[in-house]
1. At 1.4 Å probe size, put Arg191, Arg173 in order of accessible surface, largest to smallest.
2. How do Lys83, Lys259, Lys110, Lys174 rank by accessible surface area computed with a 1.4 Å probe, from largest to smallest?
3. Of all the accessible heavy-atom surface of the chain, with the other protein chains kept in place and a 1.4 Å probe, what percent is carbon and sulfur?
4. Mind giving me the nanometre distance, one decimal, between the label points for Lys174 and Ala186, set 7 Å out from Cα along Cα→Cβ?
5. Please give the solvent-accessible surface of Arg16 in Å², to the nearest 10, using a probe radius of 1.4 Å with every protein chain present.
6. Grab the beta carbon distance between Glu250 and Val157, set R0 = 35 Å, and tell me the FRET efficiency rounded to 0.05.
7. Work out how much length Thr146 to Asp195 would gain on full extension: take 0.36 nm times their residue separation and subtract the Cα-Cα distance, in nm to one decimal.
8. Please give the net charge around Phe18, taking every other residue with its beta carbon less than 12 angstrom from that of Phe18, where Lys and Arg add +1 and Asp and Glu add -1.
Amino acid sequence: MQPVIGIIGGLGQMGRWFRRFFESQGLTVLIGEPGINPTCAEVAAQVDIVVISVPLHLTEAVIRELAPHIRPPALLTDLTSLKQGPMAAMLDHFAGEVVGTHPLFGPGEKSLEGQTIVVCPGRGDRWVPWLEDLYRQAGARLEVSTPEEHDRTMSLVQGLTHFTLITLGTTFRKLNADIDRMELLATPTFRAVYDQVYHLVNQNFPLYAYIQLMNRQNEATHAAFEEAVRQLRQIVLARDADALVQVLEENQRYFEKWKQPSS
């Protein structure tokens, strides 16, 4: 039997993306959004798989609100970029099948081919493997993680990266930097970094804000970044070339243990 899918937040960018994906697989998809019919609760009550795709800061509240309406044989899953809070909410408030997912791509991608989806196992042996198989057959690579390990890694992959780019953009603004002139004199390294800064300032600001504010692992990551900046600034102020070279050599030895960066 093919399941009926309900996407709560199905009019958002990722909600629309996954609606198109599921429908391309021949599945029936119902959409739940506040203020439209059927209501979110009505959608949740009549489907086999409930996909939560609402803004990050609303996810746990929506899970708590809808869980009593979902039939226990159903699967409850999410698409959020943090996993500890949403996974705990799903497992605590819903007795049926649960799996957490984080698609590591944006709504601009055309298909699942070659894309990575993080999977945080919860419970269930009917719809959970069915959904994982559906993603794999569409070409996705599934990476299994605990919620804690996911959020710890995301504090570097997303939290620290975004924090650094926001800091660079803020520094350019505070120095009233002439962007046109910098682009004319840009090195390849600067151009690559600037492109990332520019990309970030044209994204979904609330999402980026809540990724900073809601990941519990960011505090330790930000503190380590702040300490690294403080130590490097002290070395530069002391004009200590030997110390700076030592830092670079230590970094080189660290990264030599890992694979080469992806192109």
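The values are calculated or read from the model by the stated rules, or taken from the named source; none is laboratory data. None of the values given here were measured: they were computed from a predicted structure. When we count neighbours, we look across all protein chains shown, and the Cβ atoms used for this are built from the backbone with ideal geometry, even at glycine. The protein model used for the area step is the full one, side chains on, heavy atoms only, and it has no ligands, DNA or RNA in it. Shrake-Rupley method; radii C 1.70, N 1.55, O 1.52, S 1.80 Å.
1. So, going from the largest accessible area down, we get Arg173, Arg191.
2. Numbers: Lys83 0, Lys259 180, Lys110 200, Lys174 150 Å².
So, going from the largest accessible area down, we get Lys110, Lys259, Lys174, Lys83.
3. 55 percent
4. 2.3 nm
5. My reading of the accessible area for Arg16 is about 100 Å².
6. Details: r = 22 Å, r/R0 = 0.63.
Here the calculated transfer efficiency is 0.95.
7. Working: separation 49, 0.36 × 49 = 17.64 nm, distance 3.25 nm.
Contour length minus Cα-Cα distance gives 14.4 nm.
8. Numbers: positive: Arg16, Arg19, Arg20; negative: Glu23, Asp78, Glu109.
Taking every Cβ under 12 Å from that of Phe18, the sum is 0.
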